[in-house]
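The values are calculated or read from the model by the stated rules, or taken from the named source; none is laboratory data. What you are looking at is a predicted structure, and each value in this text was computed from that prediction instead of being measured. Because the Cβ atoms are built from the backbone with ideal geometry, glycine has one as well, and the counts that use them run over all protein chains shown.
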Amino acid sequence: MEMKEIAKYKTLWKMNSTSESFLVTGAKDNPLKKFTIPKIRRTAGKVYLSPCFTNTREYSFIHDTLNQCRLDVKCDLQSSWQFGDTKLVHNEDLEKNFTSKRSEMRENGRHGRELEEHFCFLALPQSDVAEIYKNGISTKSSTLKILGNPLLGIYIFKHVDVALNYAHSRSSNVESIIIFKTIINVRVF
């Protein structure tokens, strides 16, 4: 190296030695100068499913929710039922509807426990799932009639083991469990 370059690096080292303990040699030698953080491309307005890998926080949250929302705490879901891939639903319209309803309830004077999120379940064949995650669940499309008239409301299960046992007793081909995030809207008259 030439003496000028050595003097340049020494001054850079002196400048950086008080705050950081590394030598900055310039853009040519520093590979971090060329690194850019990749952007997560969000598909605006589209509805899609994304895989949820076993080493993610969402995966552990989903399986903890399934275990906590059992009526029979002795029932081991992993041994009773075979679970396959876990997928996350991304639907901006449904998310906006949920948050707007929650803020509307807050503006109407609802507080605390009335605004808590709860989870409810349906065990369905794969053919019914696509319609639900694209458009949401509607009153007319429900085939669940044991709990009440599907034209008058949406009926979903509070406990995952009850949903699975109901579908099994009806000899339904259970391929998917849908977890709904809900706010229980109870009015006392």
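Please work out which residue is surrounded by the most Cβ atoms within 10 Å (Cβ to Cβ), limiting yourself to the stretch 136-153 and to residues that are within 23 Å of E92 (Cα to Cα) and modelled with pLDDT under 70. Looking at the filtered set, the residue picked out is S142. Checked against the criterion of being modelled with pLDDT under 85 and more than 30 Å from R170 (Cβ to Cβ), the candidates R106, R113 yield just one match: R113.
Mind listing just one residue for me: the one in the stretch 154-187 that is of a type in the set (S, T, N, Q) and more than 18 Å from Y133 (Cα to Cα) and, of those, surrounded by the fewest Cβ atoms within 10 Å (Cβ to Cβ)?
Here the answer is S171.
Is it the case that R57 is modelled with pLDDT of 90 or more, more than 12 Å from the chain's Cα centre (by Cα) and more than 21 Å from I137 (Cα to Cα)?
When the stated conditions are applied, R57 does not pass them.
Annotation note: Cβ proximity below 8 Å between a residue of the stretch 60-82 that is farther than 13 Å from V162 by Cα and a residue that is part of a loop (DSSP other than H, G, I, E, B) (sequence gap 6+ or interchain) occurs for I62/C52; I62/T86; H63/T86. Taking the residues in the stretch 47-59 that are in contact (Cβ under 8 Å) with a residue 40 or more places away in the chain and surrounded by fewer than 13 Cβ atoms within 10 Å (Cβ to Cβ) as candidates, determine which candidate is nearest to E131 (Cα to Cα). If we take residues in the stretch 47-59 being in contact (Cβ under 8 Å) with a residue 40 or more places away in the chain and surrounded by fewer than 13 Cβ atoms within 10 Å (Cβ to Cβ), then Y48 is nearest to E131 (Cα to Cα).
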